[in-house]
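To keep things clear, I will list the structure first and then write my remarks on it.
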Amino acid sequence: MAKWSMVIDLDKCVACQGCSIACRFENNTPVVSPEEAALGRSILWNEVFPLRSEGEAAIASAQAKFLTRPCMHCEDPPCIKVCPVGATYKDDEGIVRQNYARCIGCRFCTVACPYGVRYFNWYEPSWEEGMDTHLNPDRVAGRGDLEGPAIRPKGVVEKCTFCIHRHHKAIARAEAEGREFRNSDYTPACVQTCTAKARFFGDFDDPNSTVSRLSQSRRAFRLLDEAGTSPKVIYLHEG
Amino acid sequence: MLKADQKDKDKLIKPLFETGRTYWVTIAILLAIIGWALYMYYRQLTLGMKVTGMQRPVYWGVYMVNFIFFIGISHAGTLISAILRVTGAEWRRPITRVAEAITAFALIVGSLQIIIDMGRPDRLLSVILNGRLQSPILWDVLSVTAYFLGSITYLYLPVIPDAALLRDNLPPYSPAWRKRLYSIMALGWRGNRTQWIRLEKAIAVMAVLIIPIAVSVHTIISWILATTVQPGWHSTIFGPYFVVGAIFSGIGALFIAMTIVRWKLKLEEYITEKQYNNLGLIFITMSAVWMYFTYAEHMIITAGQEVYEFPVLTSKLWGDYAVSFWVMVALMVVSFWIMVIPRLISKTAKRFLVFQPRFTTGAVLLAVVTGYYLVTDSTIPGLSGINPETLFFLVRGSLLVELLFVGLGVAKWFKTRLVAATTVAGVMVVIGMWLERWNIIIPTMTHPYLVSWAEYHPTITEVALTAGSVALFIFMFLVFFKLFPIISIWEVAEGRVIDAERAKVTIPMPEASGIKERLRGKGIRKARG
Ligand code: SF4
Ligand code: SF4
């Protein structure tokens, strides 16, 4: 059983936001109008944003530090603990998933997640003309299940799933080709697209995988380690 | 056939069957507000939560504040009247019904806030079908449900003898459905010995049971916040802090309800100063404990060196939320003052200059002038030579002294007006406690860990739904007390019997003769003075 994990090298990251865009098209995240975006209602499963730095220091360095941030897929996720209906859960391979069909929209998980990676659908998602006919048709759906790029109804929470549908597809393809599933078959869209090749993805339990080796680097750190969430997204320090 | 006292008949039963114009006008206004709120809620349902001021990261706003506030108010009744019953406080009799009604209705309105706040209210049942017991929301559902069922029972049990009384004492012009209603509600109550014993037993059991449930309710609500790691929420003090705040605001609401009822139905003979005084003492205690908790909570954050918690604190002390924070503090301090200081000064305080109206008026004028200089920051004629730092303390210090004098004058005025003082304090605390919930939720939500700091401004939808909730609360209150007597008739009657019995007991006089003898033995003829 793999334990999926991601490493992001901040030294290589150029903050081009390619990952955000790739994620958006892969996962059908709705587009919001500029007015709603100004109100803080935009949905970016993988957000690239400048880190908060205190007044003087920010001006002195004249250089904002950027962070690209998917869901951390915490080993000990606060979001799952608080959900009253089990709409968000960790699967066998450590991916923290989100079931739109069950979520009641209480927004407890959005409050509990220290990383702010969860987004609420404040209204019915919509796309501009032309875009709405080019949505990703992939779905992870079943009785009482609706996950992945499936179109979200209004009033539910959504978040990065490590492109869970790609995982399912990779397994199905391997099966169809009559071979074993290899870990390299599965890559999330942001990792695939990253211009600077700053993102790595793989099995954390495999000591020879890139993510395992990189996580041993002296530059490795986890975001908000003090929150006790044990993130499975590991960053490598700049410089 | 049960008989009611003539006084109770006139004062408590008659108003149930005679409805004035004001009543209908009030009902109409309330219904209009509720209608407006319903329309706004319908809009929220169809358009989505975007009609609120919430966004990322402020995922919880006014609805959550209202939720905690109303559930807090609900601690007025059952908890207080249960404690008073268990401890055998006789003076509770005339106010238990009002208190218990506040509980039941505040709970209904409070739970409604959660449904209003949900993105998918249509999936409400999922909480039961797919409920995860590990989630604090489930704990909350369980304890609030238990509290609601308990307090409804607790409200209903003492209504039984009164319903029977009403059934037997209906005025001739009352409509037939009311007789049927009371007959059903009375459950065949005849007032015989077995029935009384059973009823008293049931009430006694409920009174004991309801206390831990009530404590659990607000503790768990605080845990909804405290079980997250958000800056400023992860605190063990939250449980007791919320419970104390809840009882505190509950008594405040009870004071307001008591005064309105007493004034509208002219119940001065029933709800006397004694109720105000005794409940006031509990209120003062709660106020002191609340202030202690508030201080402790903020004090520890000040010393905690927590980089993420500190911005939350500063936003309250002098940032975006300074106004709501300091208004809350001021309301609490002033309400404490007008409850405590009038009790401390003597009746003859008028002899002293500081308590005389002209002195107070002078202090008010001076305070206004000083306040003006402080706010506008203009130079004070004649004082331009003073070093600005001295002036800074001089102006603030003199304002403080002036306000102190105003306070003393006001306290003197309230000295002889217990009901007014208590009611004003009640209003202040109810507003103050709403602000307290706001000050706990919003500053933390706007200052999260990673997401950039945000602002939150409630929209008209949220205002409408808040107004509608308050209106619904008052509406239920009015309707209920059109059907049932506002004062538990049988409990008051029982109190009268107990009082009469007590009056028969004679307390032996101290032996005066012995003293005389002893004095004579010492050669003194007559005791002086
Ligand atoms: S980053 Fe947030 S949403 Fe993702 S697993 Fe951790 S707590 Fe949950
Ligand atoms: S918003 Fe949905 S996923 Fe989040 S805690 Fe509530 S029900 Fe669970």
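The values are calculated or read from the model by the stated rules, or taken from the named source; none is laboratory data. Note that the structure is predicted; figures quoted are calculated from it, not measured. Glycine also receives a Cβ, built like all others from the backbone with ideal geometry; neighbour counts cover every protein chain displayed.
Laid out as a table, the results:
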{"quantity": "Subset of the stretch A:130-175 [assigned to a strand (DSSP E or B) and within 14 Å of chain B (Cβ to nearest Cβ)]", "calculated": "A:D145, A:L146, A:V157, A:E158"}
{"quantity": "Residue that is touching a residue at least 60 places away in the same chain (Cβ under 8 Å), among the aromatic types (F, W, Y), more than 16 Å from ligand 1 (Cβ to nearest atom) and surrounded by 15 or more Cβ atoms within 10 Å (Cβ to Cβ), where the choices are A:F162, A:F200", "calculated": "A:F200"}
{"quantity": "The stretch A:218-233, subset away from ligand 1 (no atom under 13 Å from the Cβ) and either in contact (Cβ under 8 Å) with a residue 24 or more places away in the chain or outside any strand (DSSP E or B) (or both), residue farthest from the other protein chains (Cβ to nearest Cβ)", "calculated": "A:R218"}
{"quantity": "Candidate set: the stretch A:31-43, residues that are surrounded by fewer than 20 Cβ atoms within 10 Å (Cβ to Cβ) and in contact (Cβ under 8 Å) with a residue 12 or more places away in the chain; chosen: the one farthest from the other protein chains (Cβ to nearest Cβ)", "calculated": "A:V31"}
{"quantity": "Given (1) away from ligand 2 (no atom under 16 Å from the Cβ); (2) at the interface with chain B (Cβ under 10 Å from one of its Cβ atoms); (3) modelled with pLDDT of 95 or more, index of the condition A:A87 fails", "calculated": "(1)"}
{"quantity": "Residues of the stretch A:92-102 satisfying the condition of being more than 7 Å from chain B (Cβ to nearest Cβ) and more than 12 Å from ligand 1 (Cβ to nearest atom)", "calculated": "A:D92, A:E93, A:N99, A:Y100, A:A101"}
{"quantity": "Checking A:F120 against (1) at pLDDT 95 or above; (2) away from ligand 1 (no atom under 16 Å from the Cβ), the condition it does not meet", "calculated": "(2)"}
{"quantity": "Wholly within the stretch B:50-148, helices (runs of 4 or more DSSP H) carrying at least 2 residues that are in contact (Cβ under 8 Å) with a residue 40 or more places away in the chain", "calculated": "B:62-73, B:77-86, B:96-117"}
{"quantity": "Residue in the stretch B:381-401 that is at pLDDT below 95 and within 29 Å of B:E273 (Cβ to Cβ) present", "calculated": "no"}
{"quantity": "Within the stretch A:106-123, considering residues that are in a helix (DSSP H, G or I) and closer than 25 Å to A:I234 by Cα, the one nearest to ligand 2 (Cβ to nearest atom)", "calculated": "A:C109"}
{"quantity": "Subset of the stretch A:211-226 (residues that are of a type in the set (S, T, Y) and loosely packed, with under 14 Cβ neighbours inside 10 Å)", "calculated": "A:S217"}
{"quantity": "Filter pass, B:A454 being surrounded by fewer than 21 Cβ atoms within 10 Å (Cβ to Cβ) and more than 14 Å from chain A (Cβ to nearest Cβ)", "calculated": "no"}
{"quantity": "Scope the stretch A:60-84; condition away from ligand 2 (no atom under 13 Å from the Cβ), in a loop (DSSP other than H, G, I, E, B) and crowded, with 17+ Cβ neighbours inside 10 Å; matching residues", "calculated": "A:P70, A:M72, A:H73, A:C74"}
{"quantity": "Single unsatisfied condition, B:W60 versus (1) surrounded by 14 or more Cβ atoms within 10 Å (Cβ to Cβ); (2) away from chain A (no Cβ under 14 Å); (3) of a type in the set (F, W, Y)", "calculated": "(2)"}
{"quantity": "Residues that are within 22 Å of A:P125 (Cα to Cα) and exposed (fewer than 13 other Cβ atoms within 10 Å of the Cβ), drawn from the stretch B:21-42", "calculated": "B:Y42"}
{"quantity": "Yes/no for A:P153 being within 13 Å of ligand 2 (Cβ to nearest atom), surrounded by fewer than 21 Cβ atoms within 10 Å (Cβ to Cβ), over 21 Å from A:C190 (Cα atoms) and at pLDDT below 95", "calculated": "yes"}
{"quantity": "Single condition B:L47 does not satisfy, out of (1) surrounded by fewer than 23 Cβ atoms within 10 Å (Cβ to Cβ); (2) touching a residue at least 40 places away in the same chain (Cβ under 8 Å); (3) within 14 Å of another protein chain (Cβ to nearest Cβ); (4) in contact with a Phe, Trp or Tyr (Cβ under 7 Å, 6 or more places away or on another chain)", "calculated": "(2)"}
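Okay, residues lined up against (1) under 19 Å from A:D91 (Cβ atoms); (2) more than 16 Å from ligand 1 (Cβ to nearest atom); (3) touching a residue at least 60 places away in the same chain (Cβ under 8 Å):
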position: A:G142; (1), (2), (3): yes, yes, no
position: A:H168; (1), (2), (3): yes, yes, no
position: A:P188; (1), (2), (3): yes, no, yes
position: A:N208; (1), (2), (3): no, yes, no
